[in-house]
Every structure is written in C-alpha cells, then in structure tokens.
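Chemist: One structure, pasted below without further comment.
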Amino acid sequence: LDDLMIRSEKMNVAGQLAASLVHEIRNPLTSLKGFLQLLQAGAQHKEEYFNVMIEEVEKIESITSELLFISKPLTDNRSKEEVTSMMQDVAMLLQSQANQKNIQIQLQSSTNAPVLCDRSQIKQVLINLVKNAIEAMDQPGQIIVKAKENDDKIKISVIDEGCGLPEEVLHRLGEPFFTTKSSGTGLGLLITKKILSNHDADFHMYNNEDKGSTFEIIFPKADGDPDI
Ligand code: ADP
Ligand code: MG
C-alpha cells in the first residue's frame, strides 16, 4: 500500500481510492475463494469455515458501504443548524455502544449559534469521531463532546481518555485504509476530512497532556455568511 500511495501521489483522490480499494477487497476475496474450494472438496470443519467466510464478506460489505458514501457526489443540503442539537442526536445514537464499555458521553455546550451545514454529513462526522473515541478506550471513562463559540467561529471538540495517537499514526491519519484495528476500514477519518473541507471547516487532532486524544472541528459561524 505504501508503494501504491507514492506512485499514486499524482493521481486524484478518486484514482488513489480505486487503486487501494482493489487491494483491500482482493484479500478477503482470495480467502473466500480458498474456503469455497475447501468446502467443495468436502472439508471437515464447515462451521469454522463458514464463520470466517461471513467475517470476510462483512469486511467487504463495510468497505463498500463506506466507499459509497465517499464516491457519492456530496449533495449538499445546507441549512442553519445548531451544533448542540446535532451533538445530542449523535450521543443518543451511540449511547448503547458506549454503555457496553461503561463509557459516558458527556455533552458540554455553551452556544446556540448555528453553522451553515448539511446536517446529515456533519452528524456523520461526529459519529465517526465519537465511534473512534469509544473504540480507543479499553477502560471505563468519559468522552466529552464540547461546543464553544468565539468571534466568528464555532468549535466542536471530541475529547477521549483512550490510547492516544502514536507519532507514526498521527501523520498517517486520514490516509485511505490506514487502520490499526483488526476490523477497521480506515475510511472514517478520510470521510471526515472530506466533509469538513467541503464545509470550509478546520480539523485538528492532538494528544491530551494526561491521556487520550482530542479531535477539533472549527466552523465559520452561519450568521457571518452574507448568502443567507
Ligand atoms: P478505523 O476506525 O476504521 O480504523 P478511521 O479512519 O476512523 O478508521 O481511523 C484510523 C485510525 O486512526 C484508527 O485505526 C486508529 O489507529 C486511529 N484513531 C482514530 N481516532 C482515534 C482516537 N480517538 N484515539 C486513538 N486512535 C485513533
Ligand atoms: Mg473509525
């Protein structure tokens, strides 16, 4: 994949994605074919084989559904949206996943200011970040989702108490298919970056001083926009 990324530096993002997609899907397909051949030959451990095969199909499934999201021309349905209400929706959506790991999602918002955005896309961004936060934590604790306004900006921070971002991970984040998880797709942050740059929002990530990491989104405030 490294080689591929270097060679494809001059390709557009779509070209890069298509190229790495071939690799990512070929592995589970090769393995599926192997298991099918074993079953055809009358293999013994059918149950085990079926389980692995289902996992491989699920891997392909999640890659393709996330890619669909990337390749869809972003139909922008923008309106003025309060960040707090999007944060509440996302916290509710991920509540049970957090509960299972004894993690509390805490919302802290000191602003009603709206941002001009596509609500479902920004919710997708928050889902990606909070999901990553949950996945990064292997002990009970808190995820804080915080919104703040100053001057003409609105800042949303997702702060976790997880494993943090190692140095080599930090500069590869957002590369297609870069993942440290056995069942990860490595597409979440890529999608996140794409959506945010379409919204003229800044995106930062850094390690906290004590533990865990912080992902920060900085939106221009909607009131400042002359087109509305
Ligand atoms: P995936 O979650 O499928 O691995 P992402 O693009 O969402 O793909 O994330 C890529 C990688 O970035 C993760 O595999 C993980 O190594 C790292 N990462 C993302 N968010 C966090 C976080 N909050 N804490 C620690 N590492 C993270
Ligand atoms: Mg993710």
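Just so it is clear, none of the values below were taken in a lab; they were calculated from the coordinates. Values in this document were obtained by computation on a predicted structure and should not be read as measured data. Reconstructed Cβ throughout: ideal geometry from the backbone, glycine too, with neighbour counts over all protein chains shown.
Chemist: Scan around Gln142 for amide H atoms under 5 Å from its own, H built in the peptide plane at 1.01 Å from N, and keep only partners 5 or more places away or cross-chain.
Modeler: When sequence neighbours closer than 5 places are left aside, the close amide H contacts are Gln104, Glu161.
Chemist: Next question. Antiparallel versus total DSSP beta bridges in the range 22-178: what percent is that, nearest 5?
Modeler: Looking only at bridges with both residues in the range 22-178, the antiparallel portion is about 65 percent.
Chemist: Work out how far the C-alpha atoms of the range 116-228 reach from end to end along every principal axis, then list the three figures in whole Å, largest first.
Modeler: If we take the Cα atoms of the range 116-228, the spans are 45, 29, 23 Å.
Chemist: Around Gln108, which amide H atoms from residues at least 5 apart in sequence, or from another chain, sit under 5 Å from its own amide H, with H modelled in the peptide plane?
Modeler: Val145, Lys146, Ala147
Chemist: Ordered by residue, what ³J(HN,Hα) values in Hz, to whole numbers, does the range 145-156 give under the Karplus form 6.51 cos²θ - 1.76 cosθ + 1.60, where θ = phi - 60° and Gly and Pro are x?
Modeler: Those phi angles translate into 10, 10, 10, 8, 10, 8, 6, 10, 10, 10, 10, 10 Hz.
Chemist: Using the Karplus curve 6.51 cos²θ - 1.76 cosθ + 1.60 with θ = phi - 60°, what ³J(HN,Hα) values do you get for each residue of the range 84-99, in whole Hz, with x for Gly and Pro?
Modeler: Going residue by residue, I get 4, 6, 5, 4, 5, 4, 5, 4, 5, 4, 9, 3, 5, 4, 6, 4 Hz, with x marking Gly and Pro.
Chemist: Could I ask something else about it? So how far apart, in nm, are the two label points at Leu93 and Arg26 if each is 7 Å from Cα heading toward Cβ?
Modeler: For the pair Leu93/Arg26, the computed spacing is 3.4 nm.
Chemist: Moving on to the next point. Can you run phi through the Karplus equation (6.51, -1.76, 1.60; θ = phi - 60°) for the range 25-39 and list ³J(HN,Hα) in whole Hz, with x for Gly and Pro?
Modeler: My calculation for the range 25-39 gives 8, 5, 4, x, 5, 4, 5, 4, 4, x, 5, 4, 5, 4, 5 Hz in order.
Chemist: Which residues in the range 109-123 have a backbone N closer than 17 Å to a point placed 7 Å from the Cα of Asn150 along the Cα-to-Cβ line?
Modeler: So the set is 109-113.
Chemist: Given the options Leu67, Leu36, Leu189, which has the most mean-square fluctuation in a GNM of the chain, springs set between C-alpha atoms less than 10 angstrom apart?
Modeler: Leu36
Chemist: With a ≥ b ≥ c taken as the square roots of the eigenvalues of the C-alpha gyration tensor of the range 44-161, please select rounded if a/c is under 1.5 and otherwise prolate if a/b is larger than b/c or oblate if it is not?
Modeler: Oblate.
Chemist: Here's a follow-up. Cα-Cα over 31 Å: which of Lys33/Lys123; Lys194/Lys221; Lys148/Lys211; Lys155/Lys211; Lys101/Lys153?
Modeler: Lys33/Lys123; Lys101/Lys153
Chemist: Next question. Tell me, rounded to the nearest percent, the portion of alpha carbon pairs in the chain spaced more than 34 Å apart. Intermediate values should be presented prior to the final figure.
Modeler: Values: 6014 of 25878 pairs.
Summing the P(r) of the chain above 34 Å gives 23 percent of all pairs.
Chemist: Also, I was wondering about something else. Taking the Cα centre as origin and putting +1 on Lys and Arg beta-carbons and -1 on Asp and Glu beta-carbons, what dipole magnitude results for the chain, to the nearest 20 debye?
Modeler: 420
Chemist: Restricting to bridges with both residues inside the range 93-181, how much of the DSSP beta-bridge set is antiparallel, in percent to the nearest 5?
Modeler: 50
Chemist: Starting from the amide H of Ile154, placed 1.01 Å from N in the peptide plane, find each other amide H under 5 Å away whose residue is 5 or more places distant or on another chain.
Modeler: Phe219, Lys221
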